[in-house]
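In what follows, a structure is listed as structure tokens, so that the remarks can point back to it.
A short reminder: the numbers here are calculations on the coordinates, not readings from a lab. On a predicted model such as this, the values are computed, not experimentally measured, just so you know. With ideal geometry, Cβ positions are generated from the backbone for all residues, glycine too; neighbour counts draw on all protein chains shown.
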Amino acid sequence: MSKQKQIGMLLLLASFALVAISCSVASNKEPFFGKTVPPERNIFRYVTGDEPESLDPAISNGQPEARIYMALYDGLVEYHPKTMEPEPALAERWKPNNDSSEFKFYLRRNGRWSNGDPITANDFVYSFRRALTKETASRNAYLAYYIKYAQPFNEQKVFVRDPQTGQFLNAKDFDETTPAEPLAGSPLDSTANAEYSEPDVHLEGRPESEFHKQMHTPLRLTLPGDAKGRTKALDANPKLKAAVAGKEFVPIKAEDIGVEAIDDYTLRISLVQPGPFFVGLLAHQVFRIVPRKVVEKYGSAWTQPQHIVTCGPFKVKTWQPYDKLVVERDPMYWDAATVKLDEIHFYPMSDNPTIMNLYKVGEVDAVLNHTVPNAWLEVVRVKQDYMDGSEAAINYVLINTTQPPMNDVRVRKAFNYSIDKEAWAKWRKIVKPLTAFTPSGIFKDYPQPQGDQFNPEEGRRLLGEAGFPVIKKPDGSYSCPKFPVDQVEYIYNTQESNKAMAEWMQAQWKQNLGITVNLRNMEWRTFLNVRAKLEYKGFSRGAWGADYMDPFTFLSLFYTGGENGTGWVDPKYVAMLDEANRMLDPKKRYELLAKAEKFLIDAQPMIPIDTAATNWVKKPYVKGMYPNAGSLFPWKYVYIERDPAKWDYGVPDMTAD
Amino acid sequence: MLRFILRRLLVTIPTILVVITITWGLIKLAPGNFYSGEKRLPPAIEKAIRDKYGLDRPWYEQYGKMLWSIVRHGDFGTSLKYEGQSVNGIIRRSLPVSAAVGILAYLLALIVGITAGSIAALKQNSRWDYGSMTLAMLGISLPNFVLGPILVLIFSLSLYWLPPSRWGGFPSRNLILPVITLSAIYMAYIARLARAGMLEVLRSDYIRTARAKGLSEKDVVIKHALRGGLMPVISYTGPALAFLLTGTVVVERIFALPGLGNYFIQASLNRDEPLLIGIVAFIAITLLLMNLLVDIAYAYLDPRVRY
């Protein structure tokens, strides 16, 4: 290539660069990111994330799907658009019993499916049983385990019955750790102190059902349904083995689950434990109802657009997978008068820059959480359409506590002490430093405990105490020659922001402890597999967002052994959580939960890093949509405002009204 | 000739089976599951999911069942990730999208590439030659994941002329940017191949004879030179067309198109075994058929080639 040609090429490249720079400079002066022309019709165009796995609310546990389900299906309660507290939906009101172990829901009489059929309590009974049936393979079934016998039914366990007397064996006779039983001791109807204390006029004179009486008998013993598992369980407990001899095994049926339609419009749910938070859980997708007739007729094809019947504010109009899902206002919906949008177009997309481009040119009106790429934050954060709210989500670092040197709590603490989380939060810009395991400032009145603050001096001391003295070198830096660096690493799944966090941690440990931890990135599903099976040494990236608005959704990550990715399990911690959940007084319960949380952070099976913040954008003309802590939006309140005077300039007012 | 085609078709079958088997083996070896998430599922629920899709059956049973269903019914089964969606249905739905973009890009690449290459050859060492070859060099060295965003930046984000992404049906303005992005590299290759081929042919004896016979330059180029000069282009564009038809991962992702390429990448990230096998098999079949077509076209264009 001649010199002239080379100069020509350079000029060409330079002009590309100029265009790029000029447009980013131009957009800096604008109050909003990109165009702000409302769509012509009352149509809301939203990027909800990955392609939905299914339109069946029992199947998927993803958040992109959750938002679609909220448009299509209704439940007993719905999230409040700002606070995410439960507010009445298909249940007009509800009553807990004295210890919140049993709830009565009073359904509204004008609930209808999109095909016009009335919604009754039986639809809830069917949907709950279906979600818990093994063949449905619902990823979320575990959220319904609080319901009496839901877990053993989902696990296909059996009751044990004496063929002579017809009596079932009870759990508490064989296992002291069985929680105290709330229902067995309490009267059948103990709703006196409830919020709605008027008597159930419509139920008066009706005899108590056999089912309800049975729910108030002591918790039955359950054993694994397969012979192999059962033999194992029996061999472990000789007393049990002796008692079971000569008895028959009765498979647990869907009808045994603690859900009962008292009449067409009254539903009773009996729990296995007190559940003051239970109503808040019921807005979750797994508790939203599906149409029995359609599901039974079409099987897994029932969600196809030509068959599907729904019960939410919107119904399916067209569905082109990987392209768009169009839902339209459902005139049958009980609260159709509140619904303001004609249609919502959900676009399944996962590439963040592509999504943001679409937003900028005004082809979508809002995007899902965590869509603004790190490199764009500087430009987008200052715009008035950036939605910066507290998020019920945390970032943390898991530690494989099963191998030395990380099985020593002093070593784990040393690594925690030597991370300056304040500095991290300042650098990351949108997060808040965290020393505990629940997100800060999310759960009102929760006395969140404080963990250890940044203290590299203490970290070095503890490391020395554990047998790895940290030496200060003449140039002021540290080294820890005895520490087996080949026994630790930091793994994360390949993503720009995870990499940034990994490098930050690496630098902190290098600077404060003189230890260089190797980083290893891997593809998402490989990463999950390695972490779950504890095939990593040292540290792993972790993050969790709330399933429901209660600290327990975080604390329960360490409730069951082996599944939390750290190998840490402590029966004491489990007992503390159980005790807290038995508390009737919400304040006392929160105190005990906080105590358990303190216990957890002292054991340090993980290093808390930050409370996440929402990170998305919506056009100023989109009203009724708030950056709430779970990024879940009740769509019936969302509307397009055409008068610029009424637009949202900045984050809309989040105080509940 | 017919025998040749039949023989080639017969070889195709074991090739596809090998491809399917290797894909199946690789995805079985890959760590992770389609259902795994940030919080590990309780063991009972994991088991329910595995039982539902028969993932805990012995490997030979799973392999045999999959192969039988494919051979016997041409049915690749149901996607694991996308509940209730058949793999065949997904391919049927996404192929037109990929094909629309691919064929347009192919035509654009052929027209622009051959024209530019021929002009460059005919006017060797002229400004035209240098100009088009510089662009071709740029086209080859600029990967589509760079070119795509640059085009979007200019024509969508700055000028607001064209939509930056998404499928808008056929035909629509949404197609313009992906088609240009996709065709750039093919265009560049074709231009270079056409130039080289033409240069060689233009110097050959039969062209000199044609000129000596007093044919017009137009006739010499179009009737004689192009036919021989484009041979290298043909052998390149056959497999290229197969890849273009079956979707291109990067372009479909940048422009969020619901095509095969997008499904392909998602299926492997999701460990969606039936979907991945279906797409791989489909791409393999298309590729083999396109190669066969190239061979036939060769025989037709060059009388010296006989099978």
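General remarks:
- Checking the Cα-Cα distances for A:LYS104/A:LYS587; A:LYS533/A:LYS587; A:LYS315/B:LYS39; A:LYS360/B:LYS39 against a 27 Å cut-off, the pairs over it are A:LYS533/A:LYS587; A:LYS315/B:LYS39; A:LYS360/B:LYS39.
- Partners for A:LYS595 among aspartates and glutamates (Cα-Cα distance below 17 Å; same-chain residues under 8 apart left out): A:ASP445, A:ASP452, A:ASP550, A:ASP570, A:ASP578, A:GLU579, A:ASP585
- Rounded to whole numbers, the Karplus 3J(HN,Hα) couplings from phi for the stretch A:506-513 are 4, 5, 4, 5, 5, 5, 9, 10 Hz, using 6.51 cos²θ - 1.76 cosθ + 1.60 with θ = phi - 60°, and x at Gly and Pro.
- The stretch between B:LEU9 and B:ARG92 holds 27.6 nm of extra length on full extension. This uses 0.36 nm per residue minus the Cα-Cα distance.
- Label zone at A:GLN304, where the point sits 7 Å out along the Cα-to-Cβ direction: the stretch B:92-127 residues whose backbone N lies under 17 Å: B:92-94
- Computed from the C-beta positions of B:TYR160 and B:LEU199 and an R0 of 41 Å, the FRET efficiency is 0.40 to the nearest 0.05.
- For a modelled paramagnetic label at A:ALA500, 7 Å from Cα along Cα-to-Cβ, the residues of the stretch A:363-401 in reach, with backbone nitrogen under 11 Å, are A:372-379.
- Model label points for A:ALA336 and A:ASP643, set 7 angstrom from Cα along the Cα-to-Cβ axis, are 2.7 nm apart.
- Rounded to 5, the percent of DSSP beta bridges in the stretch A:390-613 classed as antiparallel: 70 percent
- Net charge contributed by nearby residues that have their C-beta within less than 11 Å of B:GLY278 (K/R +1, D/E -1): -2
- Remark: relative contact order (chain A) = 20 percent; criterion is Cα-Cα distance under 8 angstrom and separation of 6 or more residues.
- Other residues with beta-carbon under 15 Å from the beta-carbon of A:GLY514 carry, at +1 per Lys or Arg and -1 per Asp or Glu, a net charge of +4.
- Dimensionless Rg over Rh [the stretch A:74-290; C-alpha; Kirkwood]: 0.99
- Average projection, convex hull of the Cα set of chain B: 20.7 square nanometres.
- Cross-link partners of B:LYS28 among lysines, defined as those whose alpha carbon lies under 16 angstrom from its own and excluding same-chain residues fewer than eight positions apart: B:LYS65, B:LYS81.
- Principal-axis tilt of helix B:127-141 within chain B, Cα atoms, nearest 10 degrees: 10 degrees
- 222 nm mean residue ellipticity, helices alone, for chain A (DSSP H n ≥ 4; -39,500 (n - 2.57); rounded to 500): -8500 deg cm²/dmol
- Relative contact order [Cα under 8 Å, 6+ residues apart], the stretch A:390-613, whole percent: 36 percent
- P(r) of the protein assembly as shown over all Cα-Cα pairs, binned every 10 Å from zero, in whole percent: 2, 10, 17, 21, 20, 14, 8, 4, 2, 1, 0, 0
- Between helix B:2-29 and chain B: long-axis angle, C-alpha atoms, 0 to 90°, nearest 10: 40 degrees
- Local net charge near A:ILE471, Cβ-Cβ under 11 Å (Lys/Arg +1, Asp/Glu -1): +4
- Where only DSSP H runs of four or more residues are counted, chain B gives -23000 deg cm²/dmol as its mean residue ellipticity at 222 nm, each run worth -39500 (n - 2.57).
- Here each label is just a point 7 Å from Cα along the line to Cβ, and for A:GLU135 and B:LEU289 those points are 3.8 nm apart.
- Anisotropy class of the stretch A:58-127 from Cα gyration tensor, a/c 1.5 cut: oblate
- Our analysis of the stretch A:390-613 gives Rg over Rh at 0.96, with the two radii drawn from alpha carbon positions and Rh computed by the Kirkwood formula.
- Sites A:GLN320 and A:GLU40 - FRET efficiency at Förster radius 35 Å, r taken between beta-carbons, to 0.05: 0.95
- Compared with the alpha-carbon gap, the fully stretched path from A:LYS172 to A:TRP524 is longer by 122.5 nm at 0.36 nm per residue.
- Net length available on complete extension from A:GLU457 to A:THR655 is 67.1 nm, with 0.36 nm assigned per residue and the Cα-Cα distance removed.
- Order of B:MET1, A:MET522, B:MET187 under a 10 Å beta carbon neighbour criterion, fewest first: B:MET1, A:MET522, B:MET187
- Converting phi to 3J(HN,Hα) with the Karplus coefficients 6.51, -1.76 and 1.60 and the offset θ = phi - 60°, the stretch A:68-75 yields 5, 4, 5, 7, 9, 10, 10, x Hz in sequence order, with x at every glycine or proline.
- Reciprocal mean inverse distance between Cα atoms of the stretch B:100-194 - Kirkwood radius, Å: 13.9 Å
- Here A:ASN374 and B:SER141 are evaluated by their C-beta separation; at R0 = 30 Å the FRET efficiency comes out at 0.60.
- The angle between the Cα long axis of helix B:87-122 and the longest principal axis of the Cα atoms of chain B comes to about 20 degrees, rounded to the nearest 10.
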